[in-house]
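A short worksheet on the structure shown next.
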Amino acid sequence: MNVLKRSLFVKLMSCLILAGVIIFGIQIVISSTYYGDNMRNEAENYLKEKLRAEAGFLNAELLISETASENIAALVSNDKSNDESLLFDYFETVMQSNQMIVGGGVWMEPGKYVEDQKYYGPFLYLDNDSIVVSWEYSDQDGDYFQYEWYQDGLGDESVWSEPYVDPISKVPMITISSPVKRNNQTIGVVTLDIGLDKMQEHISGLTIGENGQAFLISYQGDFVVNEAIENPMGTKITDLESSLSEVGDLVVSDRQPGLISTSIDNESNLLSYQEVGTSGLKLILTLPESELGITQSVINSSIISVVAMLIFMLIIYIAIKKLILKYLKMAVEHAEKVAAGNLKAELPDEFVQREDEFGRLGSSLKNMTENLREIIAQIQSMAQRVATYSEELSVSGSEVGKAAEEVGTAIQTVADGAGNQSMRLEATARNINGLGSEVQGVEKQAQEMNRVSKEVLEEIKNGQNSIDESIDQISEVKEDTKEVGVVIERLGKRSEEIGKIVELIQNVSNQTNLLALNAAIEAARAGEAGKGFSVVADEIRKLAEESSKATVNIDELISIIQKDVNSAVEKMGTSADKVNQSSVKINENGAIFDRISQEISHLIDTIFESVEKIHQVAETSRSIESEVNTINGISQDFAENSEVVAASSEEQIASTEEIVSSAKKLTEMAEDLAQTSNKFTI
């Protein structure tokens, strides 16, 4: 029992531990992924914000210099007196206020600033904290027209040059060129040289994580700041032997801010880049992914998950031991008692009254025990009854033996009666044969009556079809009559409309006659000049009189037509009534034919049923005749078999004696069953 319990417990715990390991393993993977994504997102956001802030700071510094250059260009454009002292003072003020500006100059087109002077290019620079004005570029040897910073500055907007190293001071610089305009024409360029050494110091001092790096490259990809290279100027990012060159083309060509993951010196890094304003410079920041803390987060998450899993397993262990093994032990102990024959064993109410699967198990075990108790009690009772019945069977067997002898005597008497019965059955079979002939004659007459009734029904159906056709024709006449009535009514309405038109013509004719009379009077007043008009007026009057006569005739004809139309409408109404009456009568005749047809159909059904029944009687008579013959044969066989039965009764007596012997053995078996059932305690 203990071995079984341990085995079951071990199996159950093994399954739960396996399930827990799988669940918590999945949780560790999900948590690691979640924490890793969060850490990466935080790092990316940090790098983006850092890059945005530093690029903004550098752009602000450059924007100050760009604004100063444009202000000097505006001063030169607006100062048409060409006051050099004012110009140089302003240069000095700008250079002293901005430490990044190391020099600057004004470069004019030939003859645009000083008449008949090809070169005008004063250059100001710092020398031991003092500003020096140099004219070394204002001659054929200096020829500032050849430089790109001058040519680019002749456009419409300020332009930044590519970073370069000053050949004298060896200081990295970048130049802003602003156009000088007068009367919408570019007459020269103002330049300011910005030293990049302070910018290099600022970028080199940036802290990006623990081992992050900062780079500054030009528009064409040349390094301006790179701590790993002693003299970075002139070295392109795409020419490096390190893996940073693999992303160089992307960084140089992409004009929008970007963030990618790349490998630098065999270590995964996040790399973010952004242009610095309009200067063409691009700031690059990198952060090793090893500093994101993803690995440590995964380890911490794994430790927490393992501890949680152990606590979960401990809780499961206690729950199984308290809630499962306890009641399994009760169930097993109860089953062992029942197997030992103790049917009085009871389960604790704590087990049976639970409202879960163990409660159902306890109730089932309790019911099983009670049912076994009832079954064993019934077996004991039945064993006693079997023993009693066996004794009674033994006594009855003796009595059956005596009865069997009496049955043999009775069977012999029955055999004699069976012979007499056979003779009487032969006479009955002859009488039934004659009855069958009479029934067959009646069956033929019924079939003839069925045929005639079907012909009558067929004639009735033909008459019904004729009536249906008459009804259809009457309906068509009725519809035609209605249509004619409608046409005549429309004709009456049209004649009324014509009457109105005639009345209108009559009025027009009267008016025309009146107008003709007035015209004749006016013509008479006109004398000779109105004779021609008088003739026309007379003709119009005659025409009006003829129109008036014609309208009178039309009006009389319309009156006659209206009377005829009204008479036709009345006659059509009378005809419609007669057609309706005829239709009603024909429908009534059709209904009568329907009822006759139904009655004939019912009669045919009745005749058909009679024919079927007579046919059944004929078949039955033939069957009776056959059965009587069969019974007669059976009677003869019965008489012969009775003698055989008499002999068998003697054998039955011997069998009865064997039954008595078997009853005694059954009594002994019942006693053995009672002894076996007594092993159970109920």
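The values are calculated or read from the model by the stated rules, or taken from the named source; none is laboratory data. Computed from a predicted model, the values in this text were never measured in an experiment. Using ideal geometry, Cβ is built from the backbone for each residue, glycine included, and neighbour counts are taken over all protein chains shown.
Computed quantities for the displayed model
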| item | result |
| --- | --- |
| Any hit, the range 191-204, residues being surrounded by fewer than 17 Cβ atoms within 10 Å (Cβ to Cβ), among the β-branched types (Val, Ile, Thr) and either modelled with pLDDT of 85 or more or under 22 Å from Arg52 (Cβ atoms) (or both) | no |
| Residue within the range 280-292 that is part of a strand (DSSP E or B), acidic (Asp, Glu), surrounded by 15 or more Cβ atoms within 10 Å (Cβ to Cβ) and touching a residue at least 40 places away in the same chain (Cβ under 8 Å) present | no |
| Candidate set: the range 220-239, residues that are assigned to a loop (DSSP other than H, G, I, E, B) and within 27 Å of Ala43 (Cα to Cα); chosen: the one modelled with the highest pLDDT | Gly221 |
| Selection within the range 533-573 - at pLDDT below 70, under 25 Å from Val486 (Cβ atoms) and polar (S, T, N, Q) | Gln562 |
| Filter result for Lys50 (in contact (Cβ under 8 Å) with a residue 60 or more places away in the chain, farther than 30 Å from Val225 by Cα and not aliphatic (A, V, I, L, M)) | no |
